[in-house]
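Worksheet: one structure, shown below.
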Amino acid sequence: MEKERMVLLKCTAFLAENEQIGYSNLNQPSAPETQEVNLDRSLTGYDYSLPTELIAQNPVFPRDSSRLLVVNSPTTGKETPPLNHIFRDLPKLLHPNDLLVINDTKVIPARLYGRKTTGAEIEILLLEEKGYNRWLALVKPGKRFKLGAKIFFAPRGKGMKEEQNSEPLPQELIATVVETDAATSGRVLEFHVPEGKPLVEILDQFGEIPLPPYITTSTAADEQYQTVYAQNPGAIAAPTAGLHFTPELLSNLQKSGINQAYITLHVGVGTFRPVEIEDVSSHQMHEEWISVPSATVEQIRATKAAGGRIIAVGTTVVRALEAAAQTDQLQPFCGKTDLFIYPRYQWRVIDGLITNFHLPRSSLLMLVSALIGRERLLNIYQQAIAWKYRFYSFGDAMLILPEAREEYIKNQEKPS
């Protein structure tokens, strides 16, 4: 019997443990209809200009010395500016009994360089495992890359064979195109791995950690694009809000009575794929794999019962938790989600958010807009630009406290 990937085994065991979950895919609920086209639903409503020099090319050291822009009032971004802090100030900005929910995914060496049988060079980016040693990938150049075409990969540092023939070098990795994928314009590749191993076990020998395309002059080591708590391999991009944490900061948070719980969302094309439709409500997210374990669900329920707040570390945590609550009650979940969150979304789980600064017109910018309002968020971004905050993956962070959300305050005022 074929050896299965660890993550698939985990998912199977998870579903067996939580038999009440009778679904494996979660969809975005319909937002209330409106006849007028407004900027909240218009792609152009999520534009802003960013000076190139504010795109961070390298992380700061230590990680928790990054700057932290704090949104702490419903007037922030309207009548008052946000507050300036350092990320290591987090323990004094949160409350005892608050719960930080963290994404423990680990970035895999998903970028590989190879050659065709003609000797032409090929670059691929693995997106998603579709089966045992079968992966959906973006291929460059991808035009006229037909079914049956083969790609050969040599271990990193050894270089490609100069002879232009189809015979592989010893220990060379071979992939065959077996399908095309219209949604991503990618290819499904079947890998023929030496000794029949799972591809993920040997990726370190053949691939490299893929940095986003806007990071062009980085000298960062691979481990700097991983969170300190990364455990479950499968992401092709880091959950960047988590890059600011150090073991010492996590310990200090624990000592302050701020607990931690974990989910897994393997960051894929769904997170970084640009929104291209002017009516953003028509945007279709690419599915991403998530796991919200029963232990985390119980921690969240206990926290809320004790009056604590749920603080998501990053937009990936937001999507995982909210996707697992689409039945209106948070439940353990293991599977895929294509949940797209944008303004007028009805929140179910999270109270606050730690997040980096996101690209214009991105689904991530729309998600954060759903929490505090699009116009208000863009005002805060303009303040961050004026104060020279560093943007995107290796940049600074923003903390949106629950008391900054008008919806949260209204819910707290409701009679119990």
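Testing the spin-label approximation: label points 7 Å from Cα along Cα→Cβ at F61 and K116. State their distance in nm.
Taking the two extended label points, one gets 4.2 nm.
So how far apart, in nm, are the two label points at T75 and A295 if each is 7 Å from Cα heading toward Cβ?
4.4
Return the FRET efficiency for the residue pair K140, E223: r is the Cβ-Cβ distance, R0 is 22 Å, and the value is rounded to the nearest 0.05. Write down the numbers at each step before the final one.
Numbers: r = 26 Å, r/R0 = 1.19.
Taking R0 as 22 Å, the efficiency between K140 and E223 is 0.25.
Consider a paramagnetic label point 7 Å from the Cα of I86 along Cα→Cβ; state which residues of the range 223-249 have an amide N under 14 Å from it.
Residues 246, 249 fall inside that zone.
Please report the antiparallel percentage of the DSSP beta bridges confined to the chain, to the nearest 5.
Numbers: 46 of 68 bridges.
So the antiparallel bridges amount to about 70 percent of the total.
With the other protein chains left in place, how much accessible area per residue, in square angstrom, belongs to the range 187-259 at a 1.4 angstrom probe?
Solvent-accessible surface per residue comes out at 44 Å².
Calculated FRET efficiency, D328 and Q231, Cβ-Cβ r, R0 22 Å, to nearest 0.05? Display every interim value, and only then the final one.
On the way: r = 30 Å, r/R0 = 1.36.
For D328 and Q231, the calculated efficiency is 0.15.
Multiplying the sequence separation of S256 and N97 by 0.36 nm and subtracting their Cα-Cα distance, what value in nm do you get? Spell out each step's value before the answer.
Working: separation 159, 0.36 × 159 = 57.24 nm, distance 0.88 nm.
Result: 56.4 nm gained on full extension.
Modelling each spin label as a point 7 Å along the Cα-to-Cβ direction, I'd like the R156/E375 distance in nm, to one decimal.
4.8
Counting other Cβ atoms within 10 Å, keep those with at most 16, restrict to DSSP loop, and tell me which trypsin sites (Lys or Arg not before Pro) in the range 319-356 are left.
Details: sites: R319, K336, R344, R348; in loops: R344, R348.
Those satisfying the criteria are R344, R348.
Using a 1.4 angstrom probe with every protein chain in place, what is the largest-first accessible-area order of S65, S393, S185?
In descending accessible area the options line up as S185, S65, S393.
Which of the residue pairs K106/K140; K255/K336; K78/K304; K140/K197; K197/K336 have a Cα-Cα distance greater than 31 Å in the structure shown?
K255/K336
What do you reckon, how do E179, E128 stack up by accessible area (1.4 Å probe), largest on top? Could the numbers behind the result be given before it?
On the way: E179 85, E128 30 Å².
Result, largest first: E179, E128.
Counting only protein heavy atoms and a 1.4 Å probe, tell me what percentage of the chain's accessible area is made up of carbon and sulfur.
So the carbon and sulfur contribution to the accessible surface is 50 percent.
Which order do H192, H286 take by accessible area at a 1.4 Å probe, largest first? Could you put the intermediate results ahead of the total?
Numbers: H192 80, H286 30 Å².
The residues order as H192, H286, largest area first.
Suppose R0 equals 22 Å. What FRET efficiency, 1/(1 + (r/R0)^6) with r the Cβ-Cβ distance, do S282 and Q346 give to the nearest 0.05?
It comes out at approximately 0.70.
List, in order, the whole-Hz ³J(HN,Hα) value for each residue of the range 333-349 obtained from phi through the Karplus relation with A = 6.51, B = -1.76, C = 1.60 and θ = phi - 60°; use x for Gly and Pro.
Values, residue by residue: 8, 9, x, 10, 9, 10, 4, 10, 10, 8, x, 5, 5, 8, 6, 10, 10 Hz.
Calculated from DSSP H runs of 4 or more alone, at -39500 (n - 2.57) each and per residue, what is the 222 nm mean residue ellipticity of the chain, nearest 500?
Theoretical 222 nm ellipticity from helices: -6000 deg cm²/dmol.
Helix 363-372 against the longest principal axis of the chain: what's the angle in degrees, Cα atoms only, rounded to the nearest 10?
10
The values are calculated or read from the model by the stated rules, or taken from the named source; none is laboratory data. Values in this document were obtained by computation on a predicted structure and should not be read as measured data. Cβ coordinates were reconstructed from backbone atoms using ideal geometry, including for glycine residues, and neighbour counts include every protein chain displayed. The protein model used for the area step is the full one, side chains on, heavy atoms only, and it has no ligands, DNA or RNA in it. Shrake-Rupley method; radii C 1.70, N 1.55, O 1.52, S 1.80 Å.
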